[in-house]
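Everything below concerns the one structure shown next.
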Amino acid sequence: MTEYIQPARVRFAPSPTGFLHIGGARTALYDYLLAHQTGGAFVLRIEDTDQKRYQESAEQDIKDALTWMGIQPDEGPDQGGPYAPYRQSQRIDIYREQAERLIENGQAYYCFCTPERLEKVRKEQQKNNQTPHYDGTCRNLDSEESARRAAAGEPHVIRFKAPREGQTTAVDALRGEITVDNSTLDDMILIKSSGLAVYHLAAMVDDHLMGITHVFRGSEWLPTFPIHVLIYRALGWEEPIWVHLSVLLKPDGKGKMSKRDTELAREQGFPIFMKDMEELGYIPEAVINWIALMGWSYDDKTEFFTLEDLVEKFSVEKLNPSPAAINFSKLDHFNGLHIRQLAVEDFASRIKPWFEKADLHPEDEMLIQVAAALQNRTPKLTEVVDMGGFFFRDQVKLEVERVVTPKMSAVQAAEAAGRILDLFQGLDEINQENAEGPLRELASGMGLKAGQIFGLLREALTGQKVSPPIFDIIPILGRKTVTQRLENARDLLRIEADKSSG
RNA sequence: GCCCCCAUCGUCUAGGGGACCAGGACAUGACCCUUUCAAGGUCAAGACCGGAGUUCGAAUCUCCGUGGGGGCACCA
């Protein structure tokens, strides 16, 4: 655990443009971990300054996802807090004020260039193999004149006056110093002609005003990192600790997840959006463990972590700056691990909805027993109905072709079913202790292998080829059901036997 | 085209000059356990991108190359 002198105030600042995906969830997780580890605050801030890309449902999806993961913000649009409002669209005046401060200091300026002209300039630069940059037309306009034009209502944006000479050094917690030549910097737009601020200004202003101590963000911000540092400095503020997280790559490691890949993954049953996790049978404990380990590690052997473990053990220093390919099979592994770790009652309550969705309605007492039988063979919740649905169905149907094989005729199978029935009826209690031996004897007596008898029994009781162990199943089903299913199986096999002999 | 970042098994990673003929996990293969499927156990295979330096000594430091990724909007 890292020693932080001050409680960290960390913010998760998504823009509501779509569903929360793995990458965003991971950033939020790290935010939460550091905040909780230091007794600080986890702040949710909605960065909705882009009216074009805004999606009404997105904010709710993000909140739902955080709730599902069990990482609730301490401050945010819903919980409020000392720095409200937490939605950037409600903080327009604040950005404007800061931008004007920058203009007064000569660190920003009004720009009256039209988007059309800008586009033309950009095309031209690209044609000449130059880096597209603002050409500086309005950079040196007379300030009083500019102010007058702006005040008169002439359409304008506000641009940052980036230095043209020298170098700028910014410090990232994972990469150390990053130095760029100022000549490569652009005069970024701070305030759009609509009056709304752009990320470059809004995020900096909010981070400072909200007392943010650590900024976790994606590495796609690295190229504009020096600009952000310059804006902080121009405003006269002390910088937070910057932490640029590595990007998440496609499973094959070639490129980051695109929209197309996302759809493809979804088709193949791979979850990219947090909203899909539950539906695909993953539990939050596993997802959190899995996500935490993409870009962070604890030591050379420990990999199983609960949220509490992570709060205790997380540290910025152990974050890995290199890009990581998403490994879905590891998610499955963690899911199984965490499922097995659950208390049976807990597991039972989580699988209940799945049975109900399949129109199966287990009673709680029986559900617990079923849960116990299913728990260590359930990699994903989606599979519990396939594996354990037979417990709750009125009847099951033995698959004749799986029982009657070249090695066991229908006649033999029918006879075996009858004998198992007889055997069970002679037993006070059908359990492994007093039934397994006789069953094996029965098999050898008929010239069959034990596996054939157990296979037949399994088919008769479950209608499935695979199931939990037979002697785990029998007490749950109860003698009556066991007898019935066995009788049905025997009858079915007799019909089959008649067919083949006739 | 320009700028920035990254670089250990197929994948996620440990490693921060000698403890490394490089450790763990997933996936893969084999075996054990076994009434099926899992789980579990054992074992196997599998990597320091290349080249120069620095150093008595480099996976670890520096530089160059290469490869990969990201960015270059009145989007975040």
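The values are calculated or read from the model by the stated rules, or taken from the named source; none is laboratory data. Small disclaimer: the values here were computed from a predicted structure and weren't measured. All Cβ positions, glycine included, derive from the backbone under ideal geometry; neighbour counts span all protein chains shown. Only protein heavy atoms, including side chains, enter the accessible area calculation; ligands, DNA and RNA are left aside. Shrake-Rupley method; radii C 1.70, N 1.55, O 1.52, S 1.80 Å.
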Within the range A:383-408, restricting attention to residues that are among the aromatic types (Phe, Trp, Tyr) and not in a loop (DSSP other than H, G, I, E, B), which residue is farthest from residue A:499 (Cα to Cα)? A:391
Subset of the range A:439-476 (residues that are open to solvent by 30 Å² or more (accessible area, probe 1.4 Å), in a helix (DSSP H, G or I), out of contact with any Lys or Arg (no Cβ under 9 Å at 6 or more places or on another chain) and more than 10 Å from RNA strand B (Cβ to nearest atom)): A:441, A:444, A:475
Subset of the range A:86-109, residues of a type in the set (A, V, I, L, M, F, W, C), in a helix (DSSP H, G or I) and farther than 18 Å from residue A:45 by Cβ, comes to A:99, A:102, A:103
Taking the range A:290-333, which residues are closer than 22 Å to residue A:8 by Cα, assigned to a helix (DSSP H, G or I) and of a type in the set (S, T, N, Q)? none
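For every residue, the table says whether it meets (1) more than 12 Å from RNA strand B (Cβ to nearest atom); (2) surrounded by 16 or more Cβ atoms within 10 Å (Cβ to Cβ).
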position: A:289; (1), (2): no, yes
position: A:301; (1), (2): no, no
position: A:317; (1), (2): no, no
position: A:327; (1), (2): no, no
position: A:333; (1), (2): no, yes
position: A:357; (1), (2): yes, no
position: A:363; (1), (2): yes, no
position: A:377; (1), (2): no, yes
position: A:391; (1), (2): yes, yes
Please work out if residue A:295 is more than 14 Å from RNA strand B (Cβ to nearest atom), of a type in the set (Gly, Ala, Ser) and open to solvent by 10 Å² or more (accessible area, probe 1.4 Å). no
Go through the range A:16-49 and give me each residue that's more than 21 Å from residue A:284 (Cα to Cα), without any contact (Cβ under 8 Å) to a residue 60 or more places away in the chain and within 13 Å of RNA strand B (Cβ to nearest atom). A:16, A:17, A:46, A:48
